[in-house]
Amino acid sequence: MGEAADTQNDEKAPLRSVHTKSFAQLLGQARCSLLVTTYQAGKLITVRDNDGVVNTHFRLFAKPMGLAANASGFSIGCAREVHRYVNMPAVSAKLQPPDKHDACFLPRATHITGDIDIHEMDWDKDGELWCVNTRFSCLSTLDAGSSFVPRWRPRFISALSPEDRCHLNGLGMRNGTPSYVTALGSADTPQGWRENKAKGGVLIDVDSGETIASALSMPHSPRWYDDRLWVLESGRGSLATVDPATGKVTTVATLPGFTRGLDFLGPYAFVGLSQVRESAVFSGIPITETKDQRNCGVWVVEIRSGQIVAFLRFEDAVQEIFAVGVLRGLRFPEILEPDDALIATSYMVPDEALKDVAPPRRAADGA
């Protein structure tokens with residue numbers, strides 16, 4: 001993997017991180033960047049290659065967790081709301097230094113959900129955003145007149161109630177349809193999942209409602225990729241595949257931290273790692289009993305061999321990661337804050353209205 005190097009951080013000491021040289025090389029060669037959420041530190045982190053050194057760029061959000069992201073924009077689930085950002089490439093030309101940025105995300109809308117403890121999120125094939133509503137133990141979508149719209153819940157959940165009964169947390173799409181979810185238990189009582197958190201986790205097929213795999217240790221981040229069903233068994237610090245027909249779990253890689261947050265690019269899996277607090281929530285799970293070193297950051301696994309090929313490790317203030325999203329085709333994006341002066345003079349209109357937009361005026365000669 002090569003030796004670790006200091007990361008170029010936009011902010012100083014508490015947000016310091018180190019990375020392998022291979023991490024920056026991988027981002028540069030793939031011409032991609034990452035978005036990473038950390039609710040513990042209250043940050044959305046943009047991870048970018050800057051001439052062979054990883055640059056980490058921080059934006060403040062209130063308890064950012066779920067993330068749906070692509071080159072067109074992203075949605076981020078926070079403490080009481082979901083924020084929508086849209087990429088306006090034309091604004092990139094106005095950023096400093098010149099010719100550095102290839103994307104610029106601007107805030108476009110905020111939906112107030114109330115405290116539903118949003119976990120993973122993703123868009124379906126029609127562009128509708130689906131959210132894991134952990135507090136109400138269901139999958140939800142959003143509409144303008146409601147806090148949320150309940151769309152699906154596990155068979156064992158008897159009613160909607162803000163009691164976090166099973167700690168529903170992960171959402172995986174297949175062919176643009178919500179297909180897989182994970183939960184830390186199958187209880188139907190207030191926070192009942194805590195009674196068997198070490199090995200009570202389940203992976204569920206959304207369409208049939210059937211449980212694919214059980215007795216998992218704090219599963220997160222189900223994903224369908226490369227014709228395989230993947231899951232992070234966080235309590236064991238592992239990346240694994242699951243046979244949808246038999247429920248057999250096959251460990252592909254074991255990593256030095258609590259695994260949560262997963263995306264793929266080519267033969268690589270980008271896996272979020274957390275240190276895991278010594279608390280009642282995490283006590284008694286395998287990773288807290290067997291591993292002395294628990295890291296926080298993003299680890300890269302070559303999925304054919306299971307080998308770790310790169311990592312980005314946070315050293316201090318950032319101790320937990322929730323979501324990891326790959327921005328394909330974007331090398332050095334920027335995210336504008338709501339009070340940025342550029343927002344006042346950056347406009348987006350529907351395509352059909354562009355024909356009516358006047359061309360920019362040229363300055364008069366000698367002006």
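None of the figures in this text is laboratory data; all of them are computed from the coordinates on show. Given the structure is predicted, the values throughout are model-derived calculations rather than measurements. Cβ coordinates were reconstructed from backbone atoms using ideal geometry, including for glycine residues, and neighbour counts include every protein chain displayed.
Here the spin labels are modelled as points 7 Å beyond Cα on the Cα-Cβ line, and at Thr250 and Ser146 they lie 4.0 nm apart.
Each Lys or Arg adds one and each Asp or Glu subtracts one; over the other residues with Cβ under 12 Å from the Cβ of Gln191, this totals -1. Amide H to amide H distances under 5 Å link Glu81 with Thr113, where only residues 5 or more positions off or on other chains count and H is placed in the peptide plane.
Can you figure out the FRET efficiency of Lys21 with Asp99, using R₀ = 22 Å and their beta-carbon distance, to the nearest 0.05? With a Förster radius of 22 Å, E is 0.35. With Cα extents along the principal axes in Å defined as stated, name the option among (i) 59, 52, 52; (ii) 71, 52, 41; (iii) 77, 52, 36 computed from the structure displayed. Identified label for the calculated read-out: (iii). Scalar couplings 3J(HN,Hα) for the stretch 44-52, obtained by applying the Karplus form with A = 6.51, B = -1.76, C = 1.60 to θ = phi - 60°, are 9, 10, 9, 10, 9, 7, 10, 6, x Hz; x denotes Gly and Pro.
The residues packed around Ala93, meaning those with a beta-carbon under 13 Å from its beta-carbon, carry a net charge of -1 if Lys and Arg are +1 and Asp and Glu are -1. Close amide H pairs (under 5 Å, H built 1.01 Å from N) link Ala253 with Leu239, residues at least 5 positions away or on another chain.
Arranged from fewest to most other beta-carbon atoms within 10 Å of their beta carbon, Glu320, Glu163 become Glu163, Glu320. Near Phe61, the amide H atoms lying under 5 Å from its own belong to Lys43, Leu44; only residues 5 or more places off or on other chains count, and H is placed 1.01 Å from N. Coupling constants for the stretch 171-176 follow from the phi torsions by the Karplus curve (6.51 cos²θ - 1.76 cosθ + 1.60, θ = phi - 60°), and in residue order they are 9, x, 8, 9, 6, x Hz; glycine and proline get x.
Put in order of Cβ neighbour count within 10 Å, fewest first, the listed residues Asp124, Asp263 become Asp124, Asp263.
Here's the list of lysines a cross-link from Lys125 could span, going by alpha-carbon distance under 28 Å and ignoring same-chain residues fewer than 8 apart: Lys63.
Approximating the spin labels as points 7 Å out from Cα along Cα→Cβ, the Asn175-to-Lys199 distance works out to 3.6 nm.
Net length available on complete extension from Gln307 to Arg80 is 77.9 nm, with 0.36 nm assigned per residue and the Cα-Cα distance removed. Note on Asp227, Asp115, Asp340: ascending count of other Cβ atoms within 10 Å places them as Asp227, Asp115, Asp340, the fewest first. Springs between Cα atoms under 10 Å define the GNM used for the chain, and in it the highest mean-square fluctuation of Thr259, Thr211, Thr134 occurs at Thr211.
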